[in-house]
Amino acid sequence: MTRAWSLPLLFLLCGSALAGAVLGESPGRAAAILPVFVLLAVAHSPLVFPRSVPVEEARRLSAVDGRPIVFWRPGCRYCLRLRARLGRDARRLHWVDIWRDPAGAAEVRAVNDGDETVPTVFVAGRPYVNPDPRWVRTRLSPPE
């Protein structure tokens with residue numbers, strides 16, 4: 001859990017330190033710097049992703065509704081790209097945070113030669129590593 005928030009906290013600390021360093025010289029610059037780092041922190045936090053579920057629950061739900069399972073981790077720019085490009089459709093996938101779920105991390109390592117390469121998307125039981133977001137969208141069932 002702590003690891004998922006390490007990068008966002010680092011962005012906030014660095015942004016605060018940088019803004020504090022230039023505050024005396026240029027308050028306007030400090031006021032512009034801090035929001036940039038806050039946005040970076042939010043973008044790399046678990047907050048921008050749909051609720052993560054344990055891998056067992058994701059498998060069970062996927063078996064029922066046929067929706068793909070996405071294995072991801074906070075701070076991954078490719079996961080962020082997938083999430084952003086899917087837009088609202090991202091809620092129609094089952095998301096497993098491999099930093100919160102050791103079984104999910106083990107599953108990703110099993111299909112990626114021991115590496116935790118994310119995003120790894122499982123569609124009908126087959127893994128696809130860092131697939132194109134348009135391709136993932138075509139694999140979604142029609143909206144309910």
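The values are calculated or read from the model by the stated rules, or taken from the named source; none is laboratory data. Since the model is a prediction, treat every value here as computed from it, not as a measurement. All Cβ positions, even for glycine, are placed from backbone atoms using ideal geometry, and neighbour counts span all protein chains on display.
Restricting the first member to the range 85-103 and to residues that are within 20 Å of residue 114 (Cα to Cα) and assigned by TED's automatic domain parsing to the domain that holds residue 72, and the second to residues that are charged (D, E, K, R) and not in a strand (DSSP E or B), the beta-carbon pairs closer than 8 Å and six or more apart or on different chains are 97/73; 98/73; 98/116; 99/3; 99/73; 103/56. Against the numbered list (1) in contact (Cβ under 8 Å) with a residue 24 or more places away in the chain; (2) outside any helix (DSSP H, G or I); (3) more than 23 Å from residue 124 (Cα to Cα), residue 15 comes up short only at (2). The set of residues in the range 124-137 being surrounded by fewer than 19 Cβ atoms within 10 Å (Cβ to Cβ) and under 16 Å from residue 62 (Cα atoms) consists of 124, 125, 126, 127, 128, 137. Test of understanding: among 38, 111, which residue is surrounded by fewer than 19 Cβ atoms within 10 Å (Cβ to Cβ), closer than 23 Å to residue 132 by Cβ and out of contact with any Ser or Thr (no Cβ under 6 Å at 6 or more places or on another chain)? That would be 111, the only listed residue that is surrounded by fewer than 19 Cβ atoms within 10 Å (Cβ to Cβ), closer than 23 Å to residue 132 by Cβ and out of contact with any Ser or Thr (no Cβ under 6 Å at 6 or more places or on another chain). Looking only at residues in the range 39-51 that are out of contact with any Lys or Arg (no Cβ under 6 Å at 6 or more places or on another chain) and not in a helix (DSSP H, G or I), which one is modelled with the highest pLDDT? Within the range 39-51, the match that is modelled with the highest pLDDT is 51.
Given the conditions (1) buried (at least 16 other Cβ atoms within 10 Å of the Cβ); (2) assigned to a helix (DSSP H, G or I); (3) at pLDDT 90 or above, and given that residue 95 satisfies all but one, which numbered condition is not satisfied? With (1) buried (at least 16 other Cβ atoms within 10 Å of the Cβ); (2) assigned to a helix (DSSP H, G or I); (3) at pLDDT 90 or above applied to residue 95, the lone miss is (2).
With respect to the conditions (1) in a strand (DSSP E or B); (2) in contact with a Leu (Cβ under 8 Å, 6 or more places away or on another chain), residue 122 falls short on a single one, namely (2).
One residue stands out in the range 61-87 among those that are aliphatic (A, V, I, L, M) and not in a helix (DSSP H, G or I): the one that is nearest to the chain's Cα centre (by Cα), namely 70.
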